[in-house]
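This report refers to the structure that appears directly beneath it.
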Amino acid sequence: MSITDHLAGAAARLAARYYLRRPDQEALIRLKFPTLRSMWRLARNELAFRVGSESSAVLTSVNIEVTNTCNLRCSFCPVNNGMQRPKAFMAFELFRKIIDENPHLDFILPFQWGEPLLHPDIFRMIEYANRHDVRTMITTNGTMFTDEKIERILASGLTRITFSIDGDAESHERVRGFPLAELERGLLALRARRDETGSALRIDASMVIDAETESHFDHYVEQWSGIVDRLQAIPRFEAQPRRAPCREPWRGSVVVLANGDVTVCCADYEGEAVFGNVQETPLRELWNGSVMREFRRRHVAGDFPELCQNCGEYQTELVSPRFS
């Protein structure tokens, strides 16, 4: 590991422990921003948030909704429980346009609402981003892990894959309608093949915490510690009045929906806060365009846009909030 790598790691540790006061965020910061350059870009966006600027320094990442279809009906997810947007698969040509127009991105998340492995071009997309030095990270429900898919994942250049797991076997199947044992078989097969090939792929697990799953958290930690590279827990979205500005409009990330619409954050599953479309306007122009500047001004003034007025999260001591 180089000196600059060590310095970037130290910066991430200081930011998580002493600035954010959330030590649990250190691993995530180091994963997403592993270089001094990327940490500097993150710091510039944070400074813009702190001073209440109507602009933010630089777009560092994009959540690209390759599809909003899913083969499960999870109890907390809107995709198959009321989402009104038409189901769609992003065209490869649109994905390629996003990468080509934004070579400065630190990473992309080629998923949003939906299961990314359902997309017939998902590996072609990951490979394209990888060839253009854009790191890729996906989250999966773990239902589709054949030997062929495992080989394609490892060959694609994917940086990180995160398996969604909800507690123990009982709570996971109750929430997702899919046996945890089946997910475990796929995850362990991927890990074994990764280790055989010497792939640099990171394998993580993530759990959504709410009143239904919180009591199963300890089992989740016990079962998967030492098996995956990183354990994550995130609080479920809940309707609660917003009291303070959210970092999201400054953080350096936006969401591109399957049809090219651009929205401010991952909470907007219906596309209610769309502020442009990448088929018409490049992301670099939208990021600090008039709509986003107004969005930030309203957050600073406490006059929150409708999408944000009741955007809250389940309160628990097990995990830090994301949108505060």
Expected output for segment 80-93 (first residue farther than 14 Å from ALA258 by Cα, partner among the basic types (Lys, Arg) and assigned to a loop (DSSP other than H, G, I, E, B), Cβ below 7 Å, 6+ apart or cross-chain) is ASN80/ARG73; ASN81/ARG73
Got at least one residue in segment 213-225 being among the charged types (D, E, K, R) and either within 19 Å of the chain's Cα centre (by Cα) or at positive phi (or both)? no
Would you check which residues across segment 232-253 are under 18 Å from LEU183 (Cα atoms) and in contact with an Asp or Glu (Cβ under 7 Å, 6 or more places away or on another chain) and list them? GLN232
Scanning segment 192-204 residue by residue, those charged (D, E, K, R) and either part of a loop (DSSP other than H, G, I, E, B) or touching a Leu at 6+ places or on another chain (Cβ under 8 Å) (or both) turn out to be ARG193, ARG194, ARG202, ASP204
Do you know which residues across segment 157-179 are surrounded by fewer than 19 Cβ atoms within 10 Å (Cβ to Cβ) and assigned to a helix (DSSP H, G or I)? ALA169, GLU170, GLU173, ARG174
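Conditions (1) on the phi < 0 side of the Ramachandran plot; (2) of a type in the set (A, V, I, L, M), marked per residue:
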{"position": "ASP133", "(1), (2)": "no, no"}
{"position": "THR140", "(1), (2)": "yes, no"}
{"position": "ILE165", "(1), (2)": "yes, yes"}
{"position": "SER171", "(1), (2)": "yes, no"}
{"position": "ARG176", "(1), (2)": "yes, no"}
{"position": "LEU188", "(1), (2)": "yes, yes"}
{"position": "THR197", "(1), (2)": "yes, no"}
{"position": "ALA205", "(1), (2)": "yes, yes"}
{"position": "ALA211", "(1), (2)": "yes, yes"}
Residues of segment 80-120 being polar (S, T, N, Q), over 19 Å from ASN277 (Cα atoms) and open to solvent by less than 10 Å² (accessible area, probe 1.4 Å), which ones? none
Going through segment 38-62 in order, the residues found to be small (Gly, Ala, Ser) and touching a strand residue (DSSP E or B) at 6+ places or on another chain (Cβ under 6 Å) are SER61
Could you list, in sequence order, the residues of segment 281-308 that are among the hydrophobic types (A, V, I, L, M, F, W, C), touching a residue at least 60 places away in the same chain (Cβ under 8 Å) and farther than 15 Å from VAL255 by Cα? VAL300, PHE304, CYS308
Please list, ordered by first then second residue, the pairs with beta carbon atoms under 6 Å, 6 or more apart or interchain, first in segment 162-190 and of a type in the set (A, V, I, L, M, F, W, C), second open to solvent by 30 Å² or more (accessible area, probe 1.4 Å). VAL175/SER75; PHE178/THR143; LEU180/ALA169
Those helices (runs of 4 or more DSSP H) lying entirely in segment 205-318 with at least 3 residues open to solvent by less than 60 Å² (accessible area, probe 1.4 Å) and over 22 Å from THR162 (Cα atoms): 283-287, 290-301
Tally the residues that are more than 13 Å from TYR314 (Cα to Cα), in contact with an Asp or Glu (Cβ under 6 Å, 6 or more places away or on another chain) and at pLDDT below 95, restricting the search to segment 208-228. 2
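The values are calculated or read from the model by the stated rules, or taken from the named source; none is laboratory data. What you see is a predicted model; the values in this text were computed from it and never measured. With ideal geometry, Cβ positions are generated from the backbone for all residues, glycine too; neighbour counts draw on all protein chains shown. Heads up: the accessible areas ignore ligands, DNA and RNA and are worked out on the full protein's heavy atoms, side chains in. Shrake-Rupley method; radii C 1.70, N 1.55, O 1.52, S 1.80 Å.
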